[in-house]
Amino acid sequence: MRRTGHQVQGPILLVVMGMSASGKSHIGQLLNRELAHQQGLVVTFVEGDDFHSKACVAQMHRGQGLSDAQRWPWLEAIRDHCAAIVSSDIVSHTAIVAHRNRHVVILACSLLKQCYRDYIRELATNASTTADGQHVGVYGRAMLVYLNCSRQELVRRAQSRPHHFANDSLLQSQFDALESPNPKTEEDVVVVDGDQRDMAIVSSILDKFQAIY
Ligand SMILES: Nc1ncnc2c1ncn2[C@@H]1O[C@H](COP(=O)(O)OP(=O)(O)O)[C@@H](O)[C@H]1O
Ligand SMILES: O=C(O)[C@H](O)[C@@H](O)[C@H](O)[C@H](O)COP(=O)(O)O
């Protein structure tokens, strides 16, 4: 059952997704600041890039995209971590229930294909089991924000951070892998114009977040 308004029970998973250099980390950190400082929520920021192996980072640095076989263990580690963050928020004590209902986990992660998004969304599904029988329903709700950027802006931003492992040579493989999320057919997806200035993006995401929180 879809819960709306202020009735979400349990923590919220707010995913900032999109291609390399679309602004996931930057926007995720700004959202962290806004939700924690301005709105007094308990916020945990998770950087998806922190879960890549050294070999995968080196491969992406050479401009070679990851395969599905390389991405699945990475996604599993991220999902395990996101589940573990909130699993200590046990439901039986009133104070902890209050904490749970004010906890937002922000995840910056590309999630280029729908199957990757479906896998992460299972963290907030109401079903009682998944294929592997784990990590279901630990979040009350998920919201996946897709930063939809033009190629020109992605190249510009990738070139603006010369010390990052992912440079503009990775972009073509990201375009090749991308399955753009369609909010009409995919649950809990919001698409924003990622070419906008950062605070305009944050403001638009916060508006949409308020509608579900
Ligand atoms: N809306 C924006 N406008 C201008 N520059 C941005 C914007 N969002 C991010 N950036 C900059 O673009 C670069 C890539 O952003 P980053 O957050 O590292 O992307 P990602 O995490 O998606 O790879 C960084 O230098 C960042 O400061
Ligand atoms: O799924 C993938 O192909 C990779 O995970 C990839 O998305 C990677 O995480 C970033 O693109 C590189 O790091 P940035 O997103 O920070 O550029």
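Values in this text are rule-based calculations from the coordinates and carry no lab data. Note that the coordinates shown come from a computational prediction; the quantities given were computed from them, not determined experimentally. Note that each Cβ is placed from the backbone with ideal geometry, even for glycine, and that neighbours are counted across all protein chains shown.
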key: Residue ID - farthest from the chain's Cα centre (by Cα), chosen from residues in segment 132-150 that are over 29 Å from Asn101 (Cα atoms) and surrounded by 13 or more Cβ atoms within 10 Å (Cβ to Cβ)   = Cys149
query = Across segment 30-63, what is the number of residues that are within 15 Å of ligand 1 (Cβ to nearest atom) and in a helix (DSSP H, G or I)?
reply = 13
inquiry  = When the residues of segment 45-74 are narrowed to those that are over 13 Å from Ser110 (Cα atoms) and near ligand 2 (Cβ under 8 Å from one of its atoms), which ends up surrounded by the fewest Cβ atoms within 10 Å (Cβ to Cβ)?
reply    = Cys56
